[in-house]
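Handing you this structure, nothing more for now.
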Amino acid sequence: MTVRSRLLLASGLMLFLELALIRWLGANIVHLAYFSNFVLMGSFLGIGLGFLRAAAPGRSERPMPLYSLVVLLGLVGFVSAYPVSVNRDSNQLIFFTTGATSGPPIWLTLPAVFLAVAAVLAGPGEIVASCFGQLDRLEAYRLDLLGSLFGITVFTALAFVGAPPLVWFTMVALGFIALLGRPATSVSVTLLIAMLLMFVYPLRHDKGVFWSPYYKVTTSAVDDGNAGTAWNVDVNGVPHQRLTSADTRALQEPWYLQTYAQTPRPPRDVLIVGAGTGTDVAIALKKGARHVDAVEIDPTLLRFGRQHNPDHVYSDPRVTAHVDDGRAFLERTHEKYDLIIFALPDSLTLVSGASSLRLESYLFTKQSVQAARKHLVSGGAFSMYNFYRQQWLVDRLAGTLAEVFGHAPCLYEAPEAAALAVMTAGLTTADQSCTQSWVRPAATPPPATDDRPFLYLEHNSIPSLYRTALALIILATALAIGFVLIMNAAAGGRGALTRARTQVRGMWSYRDLFLLGAAFLLMETKSVTGFALLFGTTWIVNSLVFAGVLLAVLAAVEVTHRIKTPPLPLMYAVLVGGLALSWLIPAGWLLSLEVVPRALLAVAISFLPIFAANIIFAKRFAQTANAPLAFGTNLLGAIVGGCLEYLSLVFGYRALLLLAAALYISAYLVMPREPHPADAERGTESEELPLRIAD
């Protein structure tokens, strides 16, 4: 296999494996469904460590990272045997789960998974780094980006067809076997077969398990007495829905009828967001709805409802099903409704491993409720219900309705049922029929907003659970880097201390690349969350954004490689100006535009700073003497960016742009004005060196 082919395959495997671990671990360790980017940061650490190992002075042999397969086997085995559900003891942040705890404690689970993921990704990272050392800097970077695009495309395609983890990890196995080759073939094949058998065995027993683009969905048929067969639907190991007939549901849980008791007139046109398998739709039809728009973000759950709903609501001509994000549907549709219902829409998962955003985060903001109000006809009403678990959350949502509609909503509460609440607000007080109205407590939290869409966080703060986990991750990162540097130095025999100092000095000379990595992750996070608001939190939007970021980076590399680009001071000015433009243009203005102009402006605003940032990185990277060390330092900086991303819980997502700008300015200020000795030596072979501020 040629160096270029090897680099393409290893880069594709690296990103594919990262995405597979994010999805699979999040489905089996419920902590990770709420601790957004821990697997992503573990991946950055692992890839960075792989680059540091390959950058060791005197290391010329091709890496044979069998340790990566051993750790992957152990990780799959351990998580399969001991799946974990989240601990809800903290009252600072709400987790929508069963409340059960299992497996090791969270303070042990998160750092252990973090380090295990790092060890797994270090292997492919080491292979990629070895290729970087044999090719021109920008050519290697270009091939790495192309391989990454291939990896995300393949994984997206598998998500589209609902492929299970057995397929994902079979492809991972084939990639490792092709890359390792002889003499490691027999060992790698044995390890990977053992891992795949762990996925094959459950298939004989888990007949009701399938994978949607968002969840691991487990279904089971149960006897519902005289009503016949009902279905329990769990997602990522957490009870999520119970599929039964509308009559049975109304009898067993009469609070489903409260919405209709709180509206004085039977609704004719109804919008249900979070339609799921169809129970809420069936009740709306029973209550006389002439037409129902049923919006469900997960196509797999909707398909299950089509197949098994006993009322066959999705075959009813009065029902139109939409696979879409609820907020995005509200922004795009021109229809008006008598009744809009947000029906139990808690997602139990995050948009991606790159932010703290959940699938429903933008659905419960003040701006979202305002959008819903605009779609009500005269005499219409808006309603939402769920098991809210905390009284302050009921008050926050009721307070949001009061601010948007100008009067207190109707409120039905059943505290014995995990703070179950049904809230309904009419356009006027005459459009709601209350036996009890909400009364504002003195300590009502303010509404969630599009900039801070963290509904389940009571205060603008980073919860202590997050702070502890982040501290452990920073400590683990520092120890892992120190360990690799010591091992690199010891592997060379005599002169180990000198080699260690050389590598540390080399990392310090690339300190600006470290800051560029931290800033870029913040900018990428803001892009993901911004596009989720503008176009929906669907998996396809998320995949397109990541692919778009990679394409913007690739375009920057091609431009840098083929034409003379402006000097770095000018590029930094363009970058900071692009970030300022993103900060100044409000998302509300973009949302007011039609879809096509909104998309064009959003792409231009978001990708201009990404393009400029990567021209800066490409120019700087092209001048480095030790490509693996420089690239690894950049990746390690991304871990710091991942930790800083949690500041959005305090200051909001727009503040990430200011923080990214500060990091980019700092990178410019600390950029070496004179080349590192190793870079100066390489400068005799490159027209672009020595490094000067005007370059």
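Rule-based calculations on the coordinates, nothing more; no lab input. Note that this is a predicted model, so its numbers are computed, not measured. Virtual Cβ from ideal backbone geometry, glycine too; neighbours counted across all protein chains shown.
Two-decimal Rg/Rh of the stretch 422-489 from alpha-carbon positions, Kirkwood Rh?
Details: Rg = 23.7 Å, Rh = 17.2 Å.
Rg/Rh: 1.38.
If you take the alpha carbon radius of gyration of the stretch 109-159 and divide it by 2.2 N^0.38 Å, what ratio comes out, to two decimals?
Taking the Cα Rg and dividing by 2.2 N^0.38 Å, one obtains 1.42.
Can you work out the Karplus-derived ³J(HN,Hα) for every residue in the stretch 117-127? Use 6.51 cos²θ - 1.76 cosθ + 1.60 with θ = phi - 60°, whole Hz, and x for glycine or proline.
These are the phi-based 3J(HN,Hα) values: 4, 4, 5, 5, 7, 5, x, x, x, 5, 5 Hz.
Anything over 22 Å Cα to Cα? Flag those among 216/366; 336/526; 336/366, in the order listed.
216/366; 336/526
Using +1 at the C-beta of Lys and Arg and -1 at the C-beta of Asp and Glu, which of 599, 506, 197 has the Cα lying farthest in the positive direction of the dipole of the chain?
Farthest along the dipole direction, towards plus: 506.
Assign unit charges at the C-beta atoms only (+1 for Lys and Arg, -1 for Asp and Glu), then state the dipole size of the stretch 367-422 relative to its Cα centre in Debye, rounded to the nearest 20.
Using Cβ point charges on Lys, Arg, Asp and Glu, the stretch 367-422 gives about 220 debye.
Taking +1 at the Cβ of each Lys and Arg and -1 at the Cβ of each Asp and Glu, which of 252, 657, 553 sits farthest along the dipole of the chain towards its positive end, judged by Cα position relative to the Cα centre?
It is 553.
Tally Lys and Arg at +1 and Asp and Glu at -1 over the other residues with C-beta under 12 Å from the C-beta of residue 325: what net charge comes out?
Result for the neighbourhood of residue 325: -2.
Hand me the trypsin sites (Lys or Arg not before Pro) from the stretch 520-612 located in a DSSP loop with no more than 12 other Cβ atoms within 10 Å, in residue order please.
564
Determine by what factor the alpha-carbon radius of gyration of the stretch 220-317 differs from 2.2 N^0.38 Å, reporting the quotient.
Normalised Cα radius of gyration, the stretch 220-317: 1.06.
Continuing with this model, one more query. Under 12 Å from the Cβ of residue 641, count the other residues' Cβ atoms, weight Lys and Arg +1, Asp and Glu -1, and hand me the total.
-1
Also, I was wondering about something else. Of all alpha-carbon pairs in the stretch 290-335, indicate the percentage at a distance above 16 angstrom. Write down the numbers at each step before the final one.
Numbers: 410 of 1035 pairs.
For the stretch 290-335, the fraction of Cα-Cα distances above 16 Å is 40 percent.
Take the Cα gyration tensor of the stretch 567-623, multiply each eigenvalue by 5, square-root it, and list the three semi-axes largest first, rounded to whole angstrom.
Values: eigenvalues 151, 26, 7 Å².
Each semi-axis is √(5λ); the values are 27, 11, 6 Å.
Residue by residue through the stretch 283-293, which ³J(HN,Hα) values in whole Hz follow from phi under the Karplus form 6.51 cos²θ - 1.76 cosθ + 1.60 (θ = phi - 60°), with glycine and proline marked x?
5, 4, 5, 4, 8, x, 4, 7, 8, 10, 8
Assign one of three labels to the stretch 359-451, namely rounded, prolate or oblate, based on the Cα gyration tensor with a ≥ b ≥ c the square roots of its eigenvalues; rounded applies when a/c is under 1.5, prolate when it is not and a/b is larger than b/c, and oblate otherwise.
The shape class here is oblate.
State the percent of C-alpha pairs, over all pairs in the stretch 280-413, separated by a distance greater than 22 angstrom.
Distances greater than 22 Å cover 42 percent of the Cα pairs.
Here is a further query. Can you give the angle from 0 to 90° between the axis of helix 3-28 and the longest principal axis of the chain, with both taken from C-alpha atoms, to the nearest 10?
That helix lies at roughly 30 degrees to the long axis.
Select from 215, 642, 67 the residue farthest towards the positive end of the dipole of the chain; place +1 on Cβ of Lys and Arg, -1 on Cβ of Asp and Glu, and compute about the Cα centre.
Positive-most Cα among the choices belongs to 67.
A further question on this structure: Excluding residue 293 itself, calculate the net charge of residues whose Cβ lies under 9 Å from the Cβ of residue 293, where each Lys or Arg counts +1 and each Asp or Glu counts -1.
Net charge around residue 293: -2.
So how compact is the stretch 561-681: Cα radius of gyration and Dmax in angstrom?
16.7, 55
Which whole-number percent of Cα pairs in the chain have a distance greater than 50 Å?
That tail contains 16 percent of the Cα-Cα pairs.
Which far-off residues, 5 or more places away or on another chain, put their amide H under 5 Å from the one on residue 322, with H placed in the peptide plane?
Result for residue 322 returns 294, 295, 296.
For the chain, what is the charge dipole size about the Cα centre, in debye to the nearest 20, if Lys and Arg each add +1 at the Cβ and Asp and Glu each add -1 at the Cβ?
In total the dipole reaches around 1140 debye.
Quick one: putting +1 on the C-beta of Lys and Arg, -1 on the C-beta of Asp and Glu, what dipole do you get for the stretch 413-469 around its Cα centre, in Debye to the nearest 20?
Once rounded to the nearest 20, the dipole reads 200 debye.
Under 37 °C and 0.692 mPa s, how fast does the stretch 470-583 diffuse according to Stokes-Einstein, given a Kirkwood radius computed over C-alpha pairs? Answer in µm²/s, whole number. Display every interim value, and only then the final one.
Working: Rh = 17.8 Å.
In µm²/s, the coefficient rounds to 184.
Check which residues have an amide H placed less than 5 Å from residue 358's amide H, if you skip close sequence neighbours.
When sequence neighbours closer than 5 places are left aside, the close amide H contacts are 351.
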